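Novice: Next up is a structure, given as structure tokens.
Just so it is clear, none of the values below were taken in a lab; they were calculated from the coordinates. All figures in this text were calculated on a predicted structure; none of them were measured in a lab. Every residue, glycine among them, receives a Cβ derived from its backbone with ideal geometry; neighbour counts consider all protein chains shown.
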Amino acid sequence: MSDILSQNEIDELLNALNTGELDVENMENDNEDKKIKNYDFKRPSKFAKEHIRKINIIHDNYAKLMSNFLTGYLRTMVQIEVTNVETLTYSDFNNSIPFPAVLSIIEMHPLSGSIVFEMESKIAYTLIDRILGGREDIKVKSKDFTEIELAIIERINKQIINLMKEPWENVISIRPTLERIETNSQFAQIISPNEMVALVTCSVKIGDIKGMINICIPYLVVEPIIPKLSTKFEFRTIEREIKPEIKKQIEHRIQETKVPLKAILGRASVTVNEIADLQIGDVVPLNTSMSGRLDVMVGNLLKFHAKPGVHKKKYSLKITDVVREED
């Protein structure tokens, strides 16, 4: 098809420009909006938006679990919230870590590889001080941690890391274990510097002390479960056929379950003085007659009505009505 305009088409364009039907500035802006976006092959975007969204949801739940645990453990108010989830190279994350810091290297069995749980030194010293009976108004130290301080941090980190199981349960059953703790980022090279990671940043507030916790998740670690890191996967319902033998086992267990069964013969209201004066042989009149029906309770649920009687020289009940209160 030829791109050469005829004289009539040129005249129509000039008339449209003169009358204002065509705006040159709008045409230029449209061309600017269609500019090609540069792609950095050194930093490929391996995490899709839905993957980041799912990681955010997981760690929102994890932050709530940490808040509840630390509030009870430290006996002071602890607030932890996810503030940001972003993708970057591991070198960018590693170079941004100050010294000293608490870097917990965590293995995520059955996934291969490790993640990094970074705790700001300010938060670490606050935890140590609070566990040892101090207050939160401590001064941030710039020196490295002592062996005793690291032992205290290791103990509490193991419990915090163990809380990861529940938030990840909908994606994969993991067994997080603490491999080691480093205070210098140079000794925390778990993957190649150019590998992409998802960085979860959490704000932490312990009393008046505020700090950060970062969770670095390499793409290589979650690559086998990337299809599951989607909000669509979470809400997708999968119908599973229940095997007949499993149905029989469930029915058998239900039928063999023991529940308390009791009949209410009647009720009466008496005073404390009357109870104190009761003697053997006294008669307490009830609100039910001899021919009236009795309430039969299964647990705390009214289930039947019955009449009293004798069967084989034993006091018995004859069921007369079925009450369906559960409906």
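Novice: Find, among the GluC sites (Glu not before Pro) in the range 274-327, those assigned to loop by DSSP (not H, G, I, E, B) with at most 15 other beta-carbon atoms within 10 angstrom.
Specialist: For GluC sites (Glu not before Pro) across the range 274-327 that sit outside H, G, I, E and B with at most 15 neighbouring Cβ atoms in 10 Å, the list reads Glu325, Glu326.
Novice: What relative contact order, as a whole-number percentage, does the range 279-320 give when Cα pairs under 8 Å and 6 or more residues apart are counted?
Specialist: Values: 45 pairs, mean separation 10.5, N = 42.
Normalised by residue count, the contact order of the range 279-320 is 25 percent.
Novice: Moving to a separate point now. How high is the relative contact order of the range 49-235, in percent, with contacts defined as C-alpha pairs under 8 Å that are six or more residues apart?
Specialist: With pairs under 8 Å counted, the relative contact order is 36 percent.
Novice: While we're on this one: Evaluate the distance, in nm, between pseudo-label points positioned 7 Å from the Cα of Asn18 and of Thr288 along their respective Cα→Cβ axes.
Specialist: 10.6
Novice: Then there is this: Under a 5 Å amide H to amide H cut-off, with H placed in plane at 1.01 Å, what residues pair with Arg180 once short-range neighbours are removed?
Specialist: Ile105
Novice: While we're on this one: Which ordering of Met290, Met66 is given by a fewest-first count of other beta-carbon atoms within 10 Å?
Specialist: Met290, Met66
Novice: Then there is this: Run the numbers for Val259 and Met297: contour at 0.36 nm per residue of separation, minus the present Cα-Cα distance, in nm.
Specialist: My answer for the length gained is 12.7 nm.
Novice: Separate question: Distance from a point 7 Å along Cα→Cβ of Gln159 to each backbone N in the range 170-190: keep the residues under 15 Å and list them by number.
Specialist: Answer for the range 170-190: none.
Novice: Could I ask something else about it? Are any of the pairs Lys49/Lys210; Lys262/Lys314; Lys258/Lys318; Lys258/Lys307; Lys262/Lys312; Lys46/Lys165 more than 18 Å apart by Cα-Cα distance, and if so, which? Before the final figure, lay out each step's value.
Specialist: On the way: Lys49/Lys210 29 Å; Lys262/Lys314 16 Å; Lys258/Lys318 20 Å; Lys258/Lys307 23 Å; Lys262/Lys312 20 Å; Lys46/Lys165 24 Å.
Going by Cα-Cα distance, Lys49/Lys210; Lys258/Lys318; Lys258/Lys307; Lys262/Lys312; Lys46/Lys165 fall outside the 18 Å limit.
Novice: What is the spin-label model distance, in nm, from Glu50 to Ser91 if the labels are put 7 Å beyond Cα along the C-beta direction?
Specialist: 3.3
Novice: By counting other Cβ atoms within 10 Å of each Cβ, how are Tyr90, Tyr219 ranked from fewest to most? Mind dumping the intermediate values first?
Specialist: Working: Tyr90 23, Tyr219 19.
Ascending number of Cβ neighbours within 10 Å: Tyr219, Tyr90.
Novice: Continuing with the same structure: In nm, to one decimal, how far is the Ala276 label point from the Met77 one, both placed 7 Å along Cα→Cβ?
Specialist: 5.0
Novice: Given H placed on each backbone N at 1.01 Å, which residues far from Ala198 in sequence or on other chains put an amide H within less than 5 Å of it?
Specialist: Those qualifying (amide H under 5 Å, at least 5 residues apart or on another chain) are Ile217, Tyr219.
Novice: Could you put Arg180, Arg75 in order, starting from the residue whose Cβ has the fewest other Cβ atoms within 10 Å?
Specialist: Arg75, Arg180
Novice: Could I ask something else about it? Once fully extended, how much extra length lies between Ile250 and Arg324, figured as 0.36 nm per residue of separation less the alpha-carbon to alpha-carbon distance?
Specialist: Length difference between fully extended and current span is 24.3 nm.
Novice: While we're on this one: Quick one: net charge of Ala263's neighbours, Cβ under 12 Å, K/R +1, D/E -1?
Specialist: +4
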